[in-house]
């Protein structure tokens, strides 16, 4: 197998593919875990993708699947849809899912906004996980960051009542900006007294995160919930009770 050729900055899961020059040597993914977009289009509501009907969680930017495998193993009562724009990352994620024997995970290769706007139903997401997205660290590039007020307003349309949003970044200013944006939007509720946290109890740590932590760097976490009252007259899904790994760990 030939290595994938690409041009990118410091992240392997950038989510603004249309805004940067990038080439990829595409490797065919034949895993049953991988869902080509045409199959999504043929399955409105994604009702036939999984072997069992369960509440749906979405990971945006799954990388090579380290976080996803841990979370999906711990939460077998949820179905997990994972997306990334890198072909090779999707391939590695699929291999890990198969090796772990997980039947509650499917992987797609799509940009996050496209996936939301074209393939997900309003009120369908019980949880969303966004871990260490491309920080676009230069000030003049920060408008390119995926998670901002506009994206959060879009995401809200697809969250179930009581749906949980988890965000993490090793760039504190990015996390602070996301927390500030959430605070200005109606119906989002911070699950903790602090705007963001240095850790969440029992929250899975990927190899990527571990590399930063082992170097003495800090990962900054957010955990917010969409108020169930948000959905009156708009969203119809029932609230989903999620696990206790949302508790804060300080210090």
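The values are calculated or read from the model by the stated rules, or taken from the named source; none is laboratory data. Remember, it's a predicted structure, so these values are computed and weren't measured experimentally. Neighbour counts run over all protein chains shown; Cβ positions are idealised from the backbone, glycine included.
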Can you spot a residue in the range 123-141 that is within 16 Å of the chain's Cα centre (by Cα) and assigned to a helix (DSSP H, G or I)? no
So, in the range 15-60, of the ones that are in contact with a helix residue (DSSP H, G or I) (Cβ under 9 Å, 6 or more places away or on another chain) and modelled with pLDDT under 55, which residue ends up farthest from residue 157 (Cα to Cα)? 20
Find the strands (runs of 3 or more DSSP E) located wholly in the range 147-248 whose residues include 1 or more that are at pLDDT 95 or above and under 21 Å from residue 78 (Cα atoms), and list them. 159-169, 220-226
